[in-house]
Every structure is written in structure tokens, then in C-alpha cells.
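**Student:** Take this structure, written in C-alpha cells, and hold onto it; I'll ask about it next.
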Amino acid sequence: MSDTLFQKIIDRELPADIVYEDETSLVFRDINPVAPTHLLIIPKKQISMIAEAEEADQELLGHLLIVAGKVARKLGIEDAFRLVVNNGAGAQQTVFHLHIHLIAEREFSWPPG
């Protein structure tokens with residue numbers, strides 16, 4: 001699998017405004033935010049998209065959701081945020097390294113999209 005923009009951030013080849021990091025995940029601010037708080041939560045393991053995740057990734061995927069809650073509490077936005085995962089180009093995924101958008105501090109509507 002080729003190095004993506006996100007892999008280059010993990011490897012510190014590109015700068016990012018990192019909010020949280022642990023052994024298996026990294027959270028940083030989106031460079032093109034759609035809300036006052038717009039973070040990207042990524043696994044350090046390169047998985048191109050959620051449809052490519054395997055059974056062996058189950059613990060890692062759950063960990064990413066725990067990280068979302070931890071970061072939301074750290075930033076004081078735990079009462080209102082949205083998590084979004086785009087899968088594939090048709091769903092507007094532009095970087096093919098699995099990532100979860102954490103968006104907060106704006107009005108949300110339903111249905112999204």
C-alpha cells in the first residue's frame with residue numbers, strides 16, 4: 001500500500017496540529033474544517049477504508065471510538081459532536097486511509113449529507 005497523506009503525518013514527514021496520540025491512533029485538526037472543531041481520528045495501521053477492515057481490526061476500530069469520546073471530553077464538547085466515516089470515492093472519501101471525522105460546535109441537521 002502506498003504512503004498516503006495521513007501516513008506521512010504519522011511518520012512526521014508532514015506537519016499536523018496533533019490533539020491526541022497513543023500507540024495505535026492519532027488525532028489531528030482537519031486542514032479544511034467544516035465546523036469550529038473538526039478533527040480526524042486515524043489508526044496508525046494503514047487501512048484504506050472501512051470496507052477493507054478485517055476481523056483482526058475489530059479491537060482497533062473500537063479503540064478509535066473510545067478515542068473519539070476521550071478527545072471530546074478533553075475539549076469539553078462531549079455533549080454534542082458528530083462522527084462521520086466516508087467509505088470510497090462515491091461517499092466523498094479523498095484520502096484512502098481510514099479516518100473518522102469528529103465534528104462539533106455547529107448546528108447539525110438530520111438527515112446528514
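**Student:** For residues that are closer than 17 Å to GLU105 by Cα, of a type outside the set (Ser, Thr, Tyr) and over 11 Å from the mean Cα position of the chain (by Cα), tally how many sit in the range 21-60.
**Tutor:** Residues flagged as closer than 17 Å to GLU105 by Cα, of a type outside the set (Ser, Thr, Tyr) and over 11 Å from the mean Cα position of the chain (by Cα) within the range 21-60 amount to 6.
**Student:** Identify, please: which residue in the range 75-91 is out of contact with any Phe, Trp or Tyr (no Cβ under 7 Å at 6 or more places or on another chain) and farther than 18 Å from MET49 by Cα and is, among those, surrounded by the fewest Cβ atoms within 10 Å (Cβ to Cβ)? It would help to see each step written out before you state the result.
**Tutor:** Within the range 75-91, the first condition is being out of contact with any Phe, Trp or Tyr (no Cβ under 7 Å at 6 or more places or on another chain), and the residues that meet it are 75-81, 83-91.
From what's left, farther than 18 Å from MET49 by Cα: 75-81.
On the way: LEU75: 16, GLY76: 10, ILE77: 17, GLU78: 14, ASP79: 8, ALA80: 11, PHE81: 21.
Per the criteria, the residue is ASP79.
**Student:** Please verify whether the range 63-77 includes one or more residues that are over 11 Å from the mean Cα position of the chain (by Cα), within 21 Å of LEU5 (Cα to Cα) and modelled with pLDDT of 95 or more. Quick ask: steps written out before the conclusion?
**Tutor:** Here is the first cut: in the range 63-77, the ones over 11 Å from the mean Cα position of the chain (by Cα) are 63, 66, 69-77.
If we keep only those that are within 21 Å of LEU5 (Cα to Cα) too, we end up with none.
No, the conditions are met nowhere in the range 63-77.
**Student:** Can you tell me which residue in the range 30-43 is surrounded by the most Cβ atoms within 10 Å (Cβ to Cβ), limited to those that are within 18 Å of GLY69 (Cβ to Cβ) and of a type outside the set (A, V, I, L, M, F, W, C)? Outline the logic, then answer.
**Tutor:** Quick first cut of the range 30-43, residues within 18 Å of GLY69 (Cβ to Cβ) only: 35, 37-43.
Those left that are additionally of a type outside the set (A, V, I, L, M, F, W, C): 37-38, 43.
Values: THR37: 19, HIS38: 18, PRO43: 22.
If we take residues in the range 30-43 being within 18 Å of GLY69 (Cβ to Cβ) and of a type outside the set (A, V, I, L, M, F, W, C), then PRO43 is surrounded by the most Cβ atoms within 10 Å (Cβ to Cβ).
**Student:** Also: Just checking, which of PHE81, PHE96, PHE108 is over 22 Å from THR24 (Cα atoms), of a type outside the set (Asp, Glu) and touching a residue at least 40 places away in the same chain (Cβ under 8 Å)? Walk me through it before giving the result.
**Tutor:** Details: PHE96 fails: over 22 Å from THR24 (Cα atoms); PHE108 fails: touching a residue at least 40 places away in the same chain (Cβ under 8 Å).
After applying the criteria, what remains is PHE81.
The values are calculated or read from the model by the stated rules, or taken from the named source; none is laboratory data. All of these numbers come straight from a predicted model, not from anything done at the bench. Cβ sites come from the backbone with ideal geometry, for glycine too, and all protein chains shown count toward neighbours.
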